[in-house]
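**Q** Questions regarding the structure given below will be posed in turn.
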Amino acid sequence: IDISLRKLLKSLPNWFLGRGRLEVELQEVKMQGVEAILEIQGYVMGKSNMQWVLDFMGTHRPSVLQACDQLRLRGKKTKQLEVDAVYAWRSSSGKNTYHPAPRRKGEAIDESLFHFFAYTVQKPETEPVYAFKHHLYQEHSLHFEPASFGETKGDVQFYAFRQQAEGTEPVYDSWDEERREHILHFDGPDFRATRTTTAFYAFRTDPVGKATEADDFKRQKVLNDCPIVRVYTWRTVKDKHTFHEAPPWMGEDIDHRLYKFFAYGKQVPDTEPIWSFWNMLTEEHTFHFEPAVSGEFKRYIVFYAFREQKPGTEPVFTFWNEASKDHTVHFDPAWNGEQKQEVAFYAYRKDPTGKTKPPPEAKKMSINVRKVSIRDIRAKVATKLAEAAVNVGDIHYANFSEEKSAHCWSDIVWNFISGLA
């Protein structure tokens, strides 16, 4: 199967492969006279060679393991840059913090996209800038030592100049009385500041040209231009479903049906956050407005949607599958085995802006294997003491890919082997 399909794909012209998601349909697969040789590595007890192969491939689908490896590689730390961008981040409490990427737990990049460049290692004439926490206002201010009244010194965030150096500009610290926090900025503040002082001197642009934009920064720039996001259906290693925009979370693969709806990636008027909750009783992610229901605890915001219907939107329902113990959120109708519950929120069936683009995961090839018949299966079991042969009954699948959730090379091969094992 693997060799034949690869030959087929190589024979297809490049213009055809570039037209979007490619689906390969195998209507029927027949295997005759299959012999499985199971050599036990021991005298009486032990694992067969086939079981060793399965163990090596992993207890989960190989494509899922590959996705995990890709995420680990993607998350590897690169060599630290001497000069890096310092971004404004919004914490879960609504206060601003300032530090280089990546974001910390509960943070999101500030929509203002304010950033400057500073040293990550100490250079001549630079001094460490610390994050000081104010116990009364529960916010962080960034400045040189010493701490002000009511503050506790935290970690060094970056290194900046106390006096203006070539290429640097003053970064001002203004107090926002309404939000009760310190705000850093270059030019005049866009809010009513009660007092403004010079915090330090830093670069408005990268002086060495080696810093790269953080993923959160790039995403926020896109959202500022087009706030609509594609919310896809993803399948976890436990065959549960999650609903969020790309990329996949650890261990996930995109659902082969490519089911999606359109929501907002940032808050706009009349929208409210849809949270990802973890249900400890059913061991699944659920997606809805606050508050959490019994057995759930809140994790983070995944997108924004409407609580009441707006022009162009349709109801997205919560569905429950008793067999798989899985909650899903999607438009009507119910998927196989599901029961419809309440309206979860309102979203768009089609992109109202026409600006969003499908992620790479939605363009990869999907293989659908339908009818499978494996006949005349013989198994030979051997140990160091003896061997025996046995005839095994035939194996039939009416819709192999659907029954095994196998729609890529490695999943199909793994399921064939495990079926024989």
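Readers should treat all values here as calculations from the given coordinates under stated rules, not as data from a laboratory. Everything numeric here is computed off the predicted structure, so don't read it as measured data. Cβ: placed from backbone, ideal geometry, glycine included. Neighbour counts: every protein chain shown.
**Q** For the pair LYS363 and GLN163, how long in nm is the line joining their label points, each one 7 Å along Cα→Cβ?
**A** 5.4 nm
**Q** Highest first, please rank the peptides 119-129, 226-236, 91-101 by the mean number of other Cβ atoms sitting within 10 Å of their residues. All intermediate terms of the calculation are to be shown ahead of the outcome.
**A** Details: 119-129: 14.7, 226-236: 21.1, 91-101: 17.5.
Listed from highest to lowest mean packing, they are 226-236, 91-101, 119-129.
**Q** On full extension of the chain, what length is gained from LYS123 through LYS325, given 0.36 nm per residue of separation minus the C-alpha to C-alpha distance?
**A** Working: separation 202, 0.36 × 202 = 72.72 nm, distance 5.69 nm.
Taking LYS123 through LYS325 to full extension adds about 67.0 nm, to one decimal.
**Q** I'd like the distance between the alpha-carbon centres of the stretch 164-214 and the stretch 353-380, rounded to an integer number of Å.
**A** The stretch 164-214 and the stretch 353-380 have Cα centres separated by 51 Å.
**Q** By how many nm would the segment from HIS396 to LEU258 grow when fully extended, if each residue of separation counts as 0.36 nm and the alpha-carbon distance is taken off? Could you put the intermediate results ahead of the total?
**A** Values: separation 138, 0.36 × 138 = 49.68 nm, distance 2.72 nm.
Gain in length upon complete extension: 47.0 nm.
**Q** Next question. If you take all C-alpha pairs in the stretch 213-254, what percent of them are over 16 Å apart? Don't jump to the answer; show the numbers that get you there.
**A** Values: 395 of 861 pairs.
Distances greater than 16 Å cover 46 percent of the Cα pairs.
**Q** Sequence-distant or interchain residues sharing an amide H contact under 5 Å with GLY154, placed H: which?
**A** It is ALA131, PHE132, LYS133, by chain and number.
**Q** Please give the direction-averaged projected area of the C-alpha convex hull for the stretch 208-352, in square nanometres with one decimal. Don't jump to the answer; show the numbers that get you there.
**A** On the way: hull surface 41.3 nm².
Averaged projected area of the stretch 208-352's Cα convex hull equals 10.3 nm².
**Q** Still on this structure: Test of understanding: what is the full-extension gain from ASP225 to LYS210, defined as 0.36 nm times their sequence separation minus their Cα-Cα distance?
**A** Values: separation 15, 0.36 × 15 = 5.40 nm, distance 2.57 nm.
Using 0.36 nm per residue and subtracting the Cα-Cα distance, I get 2.8 nm.
**Q** Next up: For the pair LEU113 and ARG370, how long in nm is the line joining their label points, each one 7 Å along Cα→Cβ?
**A** So the two model labels end up 4.9 nm from each other.
**Q** For the stretch 68-187, give the magnitude of the charge dipole about the Cα centre (Cβ charges: +1 Lys/Arg, -1 Asp/Glu; no others), in debye to the nearest 20.
**A** Numbers: 16 positive and 20 negative charges, 173 e Å.
Computed about the Cα centre, the dipole is about 820 debye.
**Q** So the label point goes 7 Å from the Cα of LYS298 along Cα→C-beta, right? Which residues of the stretch 313-357 then have their backbone N under 20 Å from it?
**A** Residues 344-346 fall inside that zone.
**Q** In addition: What is the Cα coordinate range of the stretch 77-183 on the first, second and third principal axes, sorted by size from largest, in whole angstrom?
**A** Answer, in whole Å and largest first: 36, 31, 22 Å.
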